[in-house]
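> Structure below; questions to follow.
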Amino acid sequence: MRETILEVRNLQVEFSDDGNSVKAVDGISFEVHRGETLGIVGESGSGKSVTSLAVMGLVQTPGRISGGEIWFRHQENSAPINLVELPPQQMQLYRGGDIAMIFQEPMTSLNPVYDIGFQLTEAIMRHQKVSQGEAKQKAIAGLQEVKLLPSDEQIKDQYLETWKQTSVNSSKPLDDRQLTELVKQHKEAMLERYPHELSGGQLQRVMIAMAISCNPLLLIADEPTTALDVTVQATILELMRELQQHRDMGMIFITHDLGLIAEVADSVAVMYRGKIVEYGLAAQIFNNPQHPYTKGLVACRPSLDSHPQKLLTVSDYMSVEETPNGQVVIQAKEPLTPIEVSREEITARLAKLNEQKPLLEVRDLKVGFPVRGVFGKTTRYTMAVNGVSFDVKPGETLGLVGESGCGKTTLGRTLLRLIEPMSGEIIFEGQDITTLKGEPLQKLRREMQIVFQNPFSALDPRMKVGDAIMEPLLIHSVGKTTKQRRERVAELLERVGLSADAIKRYPHQFSGGQRQRICIARSLALNPKFIICDESVSALDVSVQAQVLNLLKELQEDFNLTYIFISHDLSVVKFMSDRILVMNRGQIVEQGIAENIYRAPKEEYTQRLIASIPTGSAERVQKRQLRAL
């Protein structure tokens with residue numbers, strides 16, 4: 001047994017407000033050993049992040065640790081200390097030094113007014129008591145360790161190669177003094193960059209470099225890859241594995257995705273409503289889950305190897321009741337076996353779709369954003385969409401997949417005329433809509449709608465849900481009286497699985513999945529024919545995601561809706577789509593039937609996207625266990 005560096009015993013965290021007390025963490029216990037990764041998995045509100053904040057000593061009013069112990073062994077063979085009993089000043093000596101944390105959203109974790117060099121050196125100087133020059137060297141070494149900066153030798157090789165290709169004096173090589181100065185300038189240039197000048201993956205590497213800069217014994221990663229593309233996510237996970245093995249750190253990896261846990265964890269704790277409902281080795285949890293909640297989490301993620309009509313959800317595996325004294329009673333259920341869609345059914349559906357005339361035709365569409373030069377003059381254009389052409393048939397779901405920055409969202413918004421194209425045609429029901437203005441364009445809005453990625457930012461927090469759904473009815477003069485419009489709103493809410501009582505409530509009174517259902521109800525208010533779903537489930541827990549995906553499929557069948565489903569997650573796109581377009585750098589690099597794209601991808605880019613998807617398969621869990629051994 002490896003040395004235990006963290007032991008949590010019967011931890012309880014409460015939040016009090018107006019005399020009411022809620023247990024966010026309710027008597028949980030677990031251990032983390034040196035060189036081991038513990039995965040903590042569960043839905044939003046299960047208590048995962050509160051647990052990590054308790055370990056870091058960051059639970060703030062109105063929250064408090066109301067019971068339990070957190071024992072941390074900060075030196076080998078030393079007596080462990082109880083972090084719960086430490087005063088705040090003493091806890092600061094451990095936080096950021098021996099215990100480090102990577103937060104979910106790097107852009108909000110870094111200060112936008114300081115360059116990354118200042119923020120890295122500040123953390124090092126605070127915990128290691130070194131000079132600014134030494135801290136700077138350690139910051140550079142950290143950036144090289146997380147592979148944001150190449151090694152000194154690699155930088156030298158790059159400059160030598162560039163010198164040979166571009167210099168008229170290539171026969172005269174750079175001397176050592178010149179190379180040393182160029183390497184120094186290259187590294188300092190990276191330190192002088194600001195957070196907004198880096199991509200999401202680069203920012204997360206900076207956060208990892210900051211976390212490991214003081215050589216921590218324990219690293220807590222709270223949803224560190226949620227905001228990243230699958231390919232960047234795979235790179236970050238591999239990096240964290242390498243760093244852990246090299247430094248022999250203990251790690252707590254927190255996520256809502258069991259498939260992702262399979263890529264990193266040795267043991268897993270499954271949390272539900274503040275309690276750990278299942279705890280054990282990753283292989284045991286994945287291959288033979290015991291608790292119905294764990295079974296539901298494993299089942300609700302779309303599989304690349306099957307094609308069910310409907311995804312199973314947690315509610316298919318268990319029912320939950322709350323007794324008058326506040327206790328939660330879970331009853332296990334035997335779920336129905338999902339009905340698989342056969343190859344013959346898929347072929348028949350595609351043939352039926354192909355018999356119809358396209359609802360939407362896109363021809364050589366180009367969208368560029370101007371790059372301003374001196375005095376605000378446009379010097380060139382950055383092409384976000386560059387010569388894209390495709391058709392969408394009535395009742396079809398066309399998946400659009402690719403990494404961030406590939407042009408997916410720009411293309412979707414251009415189709416709705418929210419962004420003006422530079423050239424090309426967008427033909428909707430036989431009419432080129434790129435020339436529409438005024439009243440004809442407003443009428444078009446009734447037929448084309450969008451469901452955005454973040455449901456909270458898509459709803460006005462000061463507007464009641466009923467008013468938000470009623471707004472498009474008022475703008476387009478649908479319904480003769482307020483009573484008729486309210487009846488329509490109630491009907492829409494019930495259709496998306498919400499109570500009509502929601503009309504009088506505000507967005508903050510709903511969960512993320514419920515808010516997304518409200519956005520879907522609003523998009524259906526005008527009976528549109530065509531809806532763009534722009535990353536509409538990427539911000540949701542996997543179980544809630546499954547519910548929303550099932551709802552979208554039901555609505556399509558009931559109202560003969562046509563979707564363009566945009567996502568960077570190919571497993572979700574495959575479940576939803578009849579055909580898939582793969583987009584990269586503003587162009588469509590591959591397109592075809594969804595099943596064929598997965599089974600036999602032709603392009604290297606598509607192959608890389610598929611290989612990066614965390615599946616949570618038994619095979620990957622076994623590989624992880626072998627790596628640990």
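> Pop out the carbon and sulfur fraction of the accessible area of segment 490-605 as a percent, whole number, probe 1.4 Å.
That fraction is 41 percent.
> Can you bin segment 1-126 into rounded, prolate or oblate? Criterion: square roots of the alpha carbon gyration tensor eigenvalues sorted a ≥ b ≥ c, rounded for a/c under 1.5, prolate for a/b above b/c, oblate for the rest.
Note, shape of segment 1-126 comes out oblate.
> May I ask you to derive the relative contact order of segment 478-610, considering only C-alpha pairs under 8 Å and at least 6 residues apart, and to give it as an integer percent?
15 percent.
> Counting pairs of alpha carbon atoms under 8 Å apart in space and at least six apart in sequence, what relative contact order in percent does the chain give?
Over the chain, the number comes to 14 percent.
> Would you mind telling me the antiparallel percentage of the DSSP bridges in the chain, rounded to 5?
Around 60 percent of the beta bridges assigned by DSSP in the chain are antiparallel ones.
> List every residue whose amide H lies under 5 Å from the amide H of residue 422, counting only residues 5 or more places away in sequence or on a different chain, with H placed 1.01 Å from N in the peptide plane.
So residue 422 has HN proximity to 366, 367, 368.
> Which entries of 357/574; 147/377; 393/443; 352/437; 352/574 show an alpha-carbon separation above 26 angstrom in the structure shown?
Listed pairs above 26 Å: 147/377; 352/437.
> Using a basic spin-label model with each label point 7 Å from the Cα along Cα→Cβ, how many nm lie between residue 379 and residue 81?
5.4
> Once you have a ≥ b ≥ c as the square roots of the Cα gyration tensor eigenvalues for segment 527-568, tell me rounded if a/c is under 1.5, and otherwise prolate or oblate according to whether a/b is larger than b/c.
Oblate is the answer for segment 527-568, as a/c is 1.5 or above yet b/c matches or exceeds a/b.
> Ok, one more. Nearest 20 debye, what's the magnitude of the dipole of the chain about its Cα centre given +1 on Lys and Arg Cβ and -1 on Asp and Glu Cβ?
1320
> First measure r as the distance between the Cβ atoms of residue 511 and residue 487, then evaluate 1/(1 + (r/R0)^6) with R0 = 30 Å and state the FRET efficiency to the nearest 0.05.
The value I calculate is 0.70.
> Label point 7 Å out from residue 460 along Cα-to-Cβ: which residues of segment 418-449 have amide N under 19 Å?
446
> Give the long-range amide H neighbours of residue 318: residues separated by 5 or more places, or on another chain, with amide H under 5 Å away, using H modelled in the peptide plane at 1.01 Å from N.
Amide H to amide H, under 5 Å and 5 or more residues apart or across chains, residue 318 pairs with 333.
> Could you give the length gained by full extension between residue 16 and residue 422, i.e. 0.36 nm per residue of separation minus their alpha carbon distance, to one decimal place?
Stretched fully, the residue 16-residue 422 segment lengthens by 140.6 nm.
> On the Cα set of segment 477-615, report Rg and Dmax in Å, please.
Using the Cα atoms of segment 477-615, the pair Rg, Dmax is 17.6, 57 Å.
> Computed over the Cα atoms, what is the radius of gyration of segment 340-424 divided by 2.2 N^0.38 Å, N being its residue count?
Cα-based Rg divided by the globular estimate yields 1.46.
> Using 1/(1 + (r/R0)^6) with R0 = 22 angstrom and r between the beta carbons of residue 600 and residue 348, what's the FRET efficiency to the nearest 0.05?
Plugging the Cβ-Cβ distance into 1/(1 + (r/R0)^6) gives 0.55.
> Take the alpha carbon gyration tensor of the chain, find the square roots of its eigenvalues, order them as a ≥ b ≥ c, and report rounded if a/c is under 1.5; if not, report prolate when a/b exceeds b/c, else oblate.
oblate
> Here's another thing I want to ask about it. For the chain, what is the calculated [θ] at 222 nm in deg cm²/dmol (nearest 500), taking -39500 (n - 2.57) for each run of four or more DSSP H residues and dividing by its residue count?
Computed mean residue ellipticity for the chain: -12000 deg cm²/dmol.
> On average, how much accessible surface per residue is there in the chain, in Å², for a 1.4 Å probe, leaving out ligands, DNA and RNA?
48
> What lysines does residue 464 reach when the alpha-carbon gap must be under 18 Å and sequence neighbours fewer than 8 apart in one chain are set aside?
Answer for residue 464, where 18 Å is the Cα cut-off: 483, 504, listed by chain and number.
> Could you work out how far the C-alpha centroid of segment 89-121 sits from that of segment 537-613, in angstrom?
So the separation of the two Cα centres works out to 36 Å.
> Per the Cauchy relation, a quarter of the hull surface: what is the mean projected area of the convex hull of the alpha carbons in segment 179-309, in nm²?
With every direction weighted equally, the projected area is 11.6 nm².
> Also, quick follow-up: Tell me the Kirkwood radius of segment 482-551: reciprocal of the mean inverse pair distance over distinct alpha-carbon atoms, in Å.
Kirkwood radius, segment 482-551: 12.8 Å.
The values are calculated or read from the model by the stated rules, or taken from the named source; none is laboratory data. It should be emphasised that the depicted structure is a prediction, and the values quoted were computed from it without experimental measurement. Ideal geometry is used to build each Cβ from the backbone, glycine not excepted, and the neighbour counts take in all protein chains shown. With ligands, DNA and RNA removed, areas are computed over all heavy atoms of the protein, side chains included. Shrake-Rupley method; radii C 1.70, N 1.55, O 1.52, S 1.80 Å.
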